[in-house]
Amino acid sequence: MQSIIPIIIAAVAIFSLIALILGISSARRRRAGSSSSVQKTRQAIIREATKKLSQDPHNISGLLPLSELYYKEQLWDKAFPLYDTLLNIAVAHPEVDIFTTALRQGVCALKVNKLEESFRGLLQARKLQPDNFEVNFYLGQTFYSNKEYDKAIPLLKKAITINKEVQDTYRYVGLALYKYHSFRESLPYIKRALDLNPDDKELLFAMADAMNESGNGEKALKIFMHLRPDPEFGAKSCLAAGTIHANQKLHDKAILDFEIGLKHTQAPLDILTNIRYRLSHSYISMSDISRALATLKEIQQTVPGYKDVQALIARYQELTQNANLQIYLISSNSDFIALCRKIVQIYFGKAFVKIIDINATNECTEVQTEIETAKWEDSVVFRFYRTTGSTGELFVREFHTRIRDLKVGRGLCFTAGTYTEEARKYIEGRPIDLIDKSGLIKILNKVDTKSPF
């Protein structure tokens, strides 16, 4: 009896295994049959509808099932002309649900980027059901795609009040507010959307830019630097990061940002040109005139007439030929003041010069001296402007007042630009000499910058 028990157990196990295999096989056949049945149903719908529509393009019994089939399968390009036709003839056919038809026509049109047609359907649907989520959501998207952000925002916000669970709505509201320049208001929506999709680069860039515009540049800078390698938003992020660094006077970091940005050669030309323009200014700030000129000339070749590029090229080409003029215009304040001291020393030839005081401001640098020559001696104030523009009468009047306050006998005013006619008339009969760019260059050519002061 005991010897029979193992045999029975083995037999039961074999029968169970056979039953399981047969069950699986049967289930697969049922699923295959069901799939085949669905496919046959789909093919039958298409075949019957196509036959009816070939005889009558407005056949409702052909349009309705075929349009619904394509809509559920998200074949927007096939569904759109069918719903567009249904919307055109709906009034004459009471069996057509006008709201559903208008809504779906608008959605399909939006998906295939036919915005005018999308407005036609969705606006009609909204008149029928103004509080429907899909109507507000898709109509808001259509206004957004048409760059009418002021109209998109209230619709998308209303969609959120109707259904707070559709996360895409937060994305569109945030981006619409951002592009409408409501930067601070956009941030909560963008952050909510990023919580669910932290890899969305468009949202990341928008959040960084909105933060920067809202006065939170440090946090924005970290995001811009993170986005620098991105093929789509990298160039714009490099431009933004470089601009922030340049505003902070961190020109070496700005140069790195801009140079990375130029590696995105497929970026729009206007972005690349702006990067090159700002890069040239950062090179100038670092006194790297040769690289600045090369960058400016590249702009001139690709976008002739861009901003003041031609004038900058002319200006800095001249600087490459005159080291002292370069120091006068763009070197650090300490180098500039040292150059001013040397000008003071040589201006009156073999005179004995005693420097009494040096006063440097953002506008100009003044050197108060006592001069003694073989024929005369006097107290003289030298004033140096670094501007290349035109110095007017107001500045000269102020300098004359300064001469009287200091009780000195004479004043010399230098500029790398010109003086207005009114300024030159003002000095007639007054102890002031005006030295413009041409006179300045003659003096600079006599200064030996290699010799210590």
Restricting attention to the alpha-carbon atoms of segment 381-441, what are Rg (one decimal) and Dmax (integer), both in Å?
10.7, 30
Using 1/(1 + (r/R0)^6) with R0 = 41 angstrom and r between the beta carbons of Asp195 and Lys249, what's the FRET efficiency to the nearest 0.05?
0.70
Given R₀ = 60 Å, what would the calculated FRET efficiency be for Glu68 paired with Arg424, taking r from the Cβ atoms and rounding to 0.05?
0.10
The chain, helix-only ellipticity at 222 nm - DSSP H runs n ≥ 4, -39,500 (n - 2.57), divided by all residues, nearest 500
-22000 deg cm²/dmol
So with the 1.4 Å probe, I'd like the accessible area per residue for segment 284-434, rounded to whole Å².
53
What percent do you get for the relative contact order of the chain when only Cα pairs under 8 Å and 6+ apart count?
5
Gain upon complete extension [Ile441, Lys78; 0.36 nm per residue less C-alpha separation]:
123.2 nm
Stretched fully, the stretch from Ala338 through Ile60 gains (0.36 nm per residue minus C-alpha distance, one decimal, in nm) 91.0 nm
Cα-based reach from Lys179 at 19 Å (exclusive), listing aspartates and glutamates while leaving out same-chain residues under 8 positions away
Glu148, Asp150, Asp168, Asp200, Glu202, Asp209, Glu213, Glu232, Asp270
For Lys72, counting only lysines whose alpha-carbon sits under 26 Å away and dropping same-chain residues fewer than eight positions off, the answer is Lys40, Lys51, Lys52, Lys111, Lys114, Lys127, Lys158, Lys164
Determine the percent antiparallel among the DSSP beta bridges restricted to the chain, to the nearest 5.
60
For segment 139-202 and segment 100-117, distance of Cα centres in Å
20
Within segment 235-354, how many Lys pairs that are eight or more residues apart, or on different chains, come under 15 Å at the alpha-carbon?
4
Expressed in nm to one decimal, what extension gain is obtained for the pair Asp378 and Lys147 from 0.36 nm per residue of sequence separation less their Cα-Cα distance?
76.1 nm
Translational diffusion coefficient (Stokes-Einstein; Kirkwood radius from C-alpha pairs) of the chain at 4 °C, 1.567 mPa s, in µm²/s:
43
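The values are calculated or read from the model by the stated rules, or taken from the named source; none is laboratory data. For clarity, every value in this text was computed on a predicted model and none was experimentally measured. Cβ sites come from the backbone with ideal geometry, for glycine too, and all protein chains shown count toward neighbours. Surface accessibility is based on the protein's heavy atoms, side chains included, excluding ligands, DNA and RNA. Shrake-Rupley method; radii C 1.70, N 1.55, O 1.52, S 1.80 Å.
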